[in-house]
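Some notes on the structure that comes next.
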Amino acid sequence: MFKKIEFKELIEIALGDRSITQYANESDVNRTYISKIINEKLDSPPSPEILKKLAEHSQGRVTYKELMLIAGYLEGIESMEKLKDMIEIPIVESLSNLDKIKGYKLISKDKVKYDGHFFFKMKDDSMLNSGIKAGSLVLIRRQPEIDNEDIAAIIVDSNELLRKVYIVNDKLLLQPDNPNFKNELVSNEDVKIIGKSISVITDL
C-alpha cells in the first residue's frame, strides 16, 4: 500500500536544504511531480525507475529500498529491518548492452552469493517447458563459460537467446524447450556466452 504521508516525509528528507527545482534538475524528475509528492497530491506511487532517480540524488539521505517499501512495492516486507536482507538487481533490456538498465528488482541476498547478477526479461516462449514464458524475469549470473546442459543467456548472430546448451566436441547444441522452436548446432566462435540462468520470476 502506498503510504502517501510517510513517502512525502522521506522526499522532504531527501530534499534537504535544496529547492525543489534544484532537486528536480539533479534527479531528472519533473519539478511539478515532486511538488505533488510534497503536497500529498499524488494518489499512486512513482514508478521504481523514478524512485531510483530520487534515491540516487538524495545526497545519501534516503535509500532506494526505503522508497520502494513506503511506495508499496515490497509486498510481505513490513519493516526497514527486513530490507537489510534484500539486494537490488538491475533489469536489463538487452544482452548486448548490460549497461542499459530498465529498472531494478529487490530480491533476497541468499539468492545471489556472488556479484554480477542481472535480470533479463524473456522475449518469447522458446523455454516455456522449463517454466520460462514470455515476459518472465530471468535471473542471470554473468560468466564467460558454462557447463553442459546449463540454461544460458547467449548471443548468436545478434540474436539474444536463452537456451539449454550441450557441448558437442567443438560445437554447441542450442536447445529450446518448446517444440515450436528448432535446435541449432553452431560453432563455439559463433556464440557469445553472457551468463547462466539461476532462477526465474513469472508472476509479475
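Each value in this text was obtained by applying a stated rule to the coordinates, not by laboratory testing. Quick caveat, the model's predicted, so the values are computed rather than measured. When we count neighbours, we look across all protein chains shown, and the Cβ atoms used for this are built from the backbone with ideal geometry, even at glycine.
So how do 179-189, 158-168 stack up, highest first, on mean other-Cβ count within 10 Å?
So the order, starting with the most tightly packed, is 158-168, 179-189.
What does the charge add up to near ASN159, with Lys and Arg as +1, Asp and Glu as -1, over the other residues with Cβ less than 12 Å from its Cβ? Walk me through the numbers on the way to the answer.
On the way: positive: LYS123, ARG163, LYS192; negative: ASP124, ASP157, GLU160, GLU184, ASP190.
So the environment of ASN159 carries a net charge of -2.
Tally Lys/Arg at +1 and Asp/Glu at -1 over every other residue whose Cβ is under 14 Å from the Cβ of VAL29; what's the total? Intermediate results must be reported in sequence, preceding the final value.
On the way: positive: ARG18, ARG31, LYS36, LYS52, LYS53; negative: GLU26, ASP28, GLU49, GLU56.
Charge balance near VAL29 sits at +1.
Find the relative contact order for the chain and round it to a whole percent, using C-alpha pairs within less than 8 Å whose residues are 6+ positions apart.
Values: 365 pairs, mean separation 30.0, N = 204.
Contact order relative to length: 15 percent.
Using +1 at the Cβ of each Lys and Arg and -1 at the Cβ of each Asp and Glu in the chain, identify which of TYR23, LEU54, ASN148 lies farthest towards the dipole's positive end.
TYR23
The range 93-150: which chymotrypsin sites (Phe, Trp or Tyr not before Pro) are DSSP loop and have at most 16 other beta-carbon atoms within 10 angstrom?
Filter output for the range 93-150: TYR114.
Taking a 31 Å limit on the Cα-Cα distance, which of the listed pairs LYS65/LYS192; LYS109/LYS192; LYS133/LYS192 fall beyond it?
Details: LYS65/LYS192 34 Å; LYS109/LYS192 28 Å; LYS133/LYS192 23 Å.
Over 31 Å apart, Cα to Cα: LYS65/LYS192.
Once you charge only the Cβ atoms, +1 for Lys and Arg and -1 for Asp and Glu, what is the size of the charge dipole of the chain about its Cα centre, to the nearest 20 debye?
400
What is the Rg over Rh value, at two decimals, for the chain, using alpha-carbon atoms and the Kirkwood definition of Rh? Walk me through the intermediate numbers first.
Values: Rg = 20.5 Å, Rh = 19.0 Å.
Answer for the chain: 1.08.
Excluding LYS171 itself, calculate the net charge of residues whose Cβ lies under 11 Å from the Cβ of LYS171, where each Lys or Arg counts +1 and each Asp or Glu counts -1.
Combined, the nearby Lys, Arg, Asp and Glu give -4.
Run the numbers for ASP110 and GLU145: contour at 0.36 nm per residue of separation, minus the present Cα-Cα distance, in nm.
Working: separation 35, 0.36 × 35 = 12.60 nm, distance 2.28 nm.
Gain on extension, ASP110 to GLU145, equals 10.3 nm.
Please tell me the relative contact order of the range 87-201 in percent, rounded to the nearest whole number, where contacts are Cα pairs under 8 Å and at least six residues apart.
On the way: 256 pairs, mean separation 28.0, N = 115.
Relative contact order, the range 87-201: 24 percent.
Share of Cα-Cα pairs in the range 88-156 beyond 21 Å, in percent?
Details: 600 of 2346 pairs.
Pairs farther apart than 21 Å: 26 percent.
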